[in-house]
Amino acid sequence: MQPLIDWLQKFLDSSDRLQSELSERWRLHANRRTVLFLVSAGIVVTAAYLTMIQPPRTFPVDQLVSVREGATLSEIAAQLREDGVIRSPIAFRIVVTVLGHEKTVHAGDYLFKQPLDVFSVARAIAIGAFGLEPIRIRITEGATTRSMAIIYGSQLLRFDPQSFLEKAKPLEGYLFPDTYFFLPNATEDTVIKTMRQNFDLHETEIAPLVASSSHSLSDIVIMASIVEREARNTADRKMIAGVLWNRIKRGMALQVDVTFLYTLGKGTFQLTMTDLRSDSPYNTYVNKGLPPGPIGSPSLDSLKAAADPTKSDYLFYLADNHGVTHFSKTYEQHLRYKRLYLGS
């Protein structure tokens, strides 16, 4: 009997050991399976992120991205892929569909300030987060259309400087200088329309002065553009406008240098005798009367000065080295002031 009992005990002990070994092997294999699963999942997630989710290296930061009106979701996804906004059109379409906007994406221009993943891009286009913020642009008094083209062209992404010059040149002087707020996708047509409307608005303010003067609005704008360059305060502008109108009335040439800034880009001390004898219609030494058009965009103050100048008998003026303007009735007095204040 005892041998049987001993055999059963050994059998039970062997069974316990086998069960323990099997349990340990299962535990070890389970850990390996878990690790293998996690590694595989990590590889899949990483591959998905690299190929479908993360922003492309060529993501168009601070560039306009257009979503065409009426385009299908597939067409939009393909265009975004071509523009370097997303990596995977399929991923984009899935995200937009999950968001419930597959048929309600917002067309228009988008501006991204930093690279975005496909989830953020899809959400922006799904809800119409265009990212367009108004840009503050200052056009100073006296600015020409050439300088405006440079200023706007450096800040507005859909602005065509050459097209602007062609369209704005006939409106020289009639695009009002001011501080403007334009969206980054504003075109040259939008700029011209806005600036011209601003001029028309201010024109109503000087309309009574124009009506009571003996000059046309066109002549007043030309005179104001000259006065804008010749003086920096209201009193001098009104006095200089009066002097220049007096010279025209007397049949004298205006002999102002600022018109050469418009045509040649040269100031008073850069002009040569050849420049002064040139046959340009803007040469106010050779040609009497006003030049054929404005030489820039005058301020409201200059427009008022040209329309309502200070009456006087003065025919000459000069500014000394301190910016003080001296007026003369005769050429002899003018020469005296030149020697006194300018040493010439």
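Bear in mind that the values in this text are calculations on the coordinates, not laboratory data. Because the structure is predicted, anything quoted here is derived from the model rather than measured. Backbone-built Cβ (ideal geometry, glycine too); neighbour counts: all protein chains shown.
For region 44-140, GluC sites (Glu not before Pro) are listed when DSSP marks them as loop and at most 11 other Cβ atoms sit within 10 Å of their Cβ; the list is E69. Spread over its residues, the convex hull of the C-alpha atoms of region 216-342 is 105 Å³ per residue.
Between E69 and L217, the modelled labels are 3.2 nm apart [label points 7 Å from Cα along Cα→Cβ]. Taking a label point 7 Å from the Cα of L132 along the Cα→Cβ vector, which residues of region 174-204 have an amide N closer than 18 Å to it? Residues 180-195 qualify, since their backbone N sits under 18 Å from the label point. Label separation (D313 vs E205): 3.6 nm, computed from points 7 Å beyond Cα along the C-beta direction.
Pairwise Cα distances in region 135-195 exceed 19 Å for 13 percent of all pairs. Kirkwood radius for region 182-260, taken over all pairs of different Cα atoms as the inverse mean of 1/r, rounds to 14.7 Å. Qualifying trypsin sites (Lys or Arg not before Pro) in region 201-261, where qualification requires a DSSP coil assignment and no more than 10 other C-beta atoms within 10 Å, comprise R250.
So, counting K/R as plus one and D/E as minus one, what does the shell of residues with Cβ under 11 Å around L73 add up to? Please list the in-between numbers first.
Working: positive: R93, K103; negative: E75, E102.
Neighbourhood net charge equals 0.
For region 135-195, averaging the sequence separation of C-alpha pairs within contact (under 8 Å, six or more residues apart) and dividing by the residue count gives a relative contact order of 47 percent. A cut-off of 5 Å between modelled amide H atoms, ignoring neighbours fewer than 5 places along the same chain, links Y317 with S328. The trypsin sites (Lys or Arg not before Pro) of region 295-344 meeting both criteria, a DSSP state outside H, G, I, E and B (loop) and at most 14 other C-beta atoms within 10 angstrom of the site's C-beta, are K311, K329. Given R0 = 45 Å, the distance between the Cβ atoms of T179 and H106 translates into a calculated FRET efficiency of 0.90. If the chain linking S154 and L340 were pulled fully straight, counting 0.36 nm for each residue of separation and taking away their Cα-Cα distance, it would gain 62.5 nm. Between amide H atoms placed 1.01 Å from N, distances below 5 Å from I135 occur with F182, L183, all of them 5 or more places distant or on a separate chain.
Annotation: extensible slack from Q270 through D62 equals 70.8 nm (criterion: 0.36 nm per residue apart, minus Cα-Cα distance).
Please compute the length gained on full extension between A235 and D83, using 0.36 nm multiplied by the number of residues separating them and subtracting their Cα-Cα distance.
Separation in residues times 0.36 nm, less the Cα-Cα distance, equals 49.1 nm.
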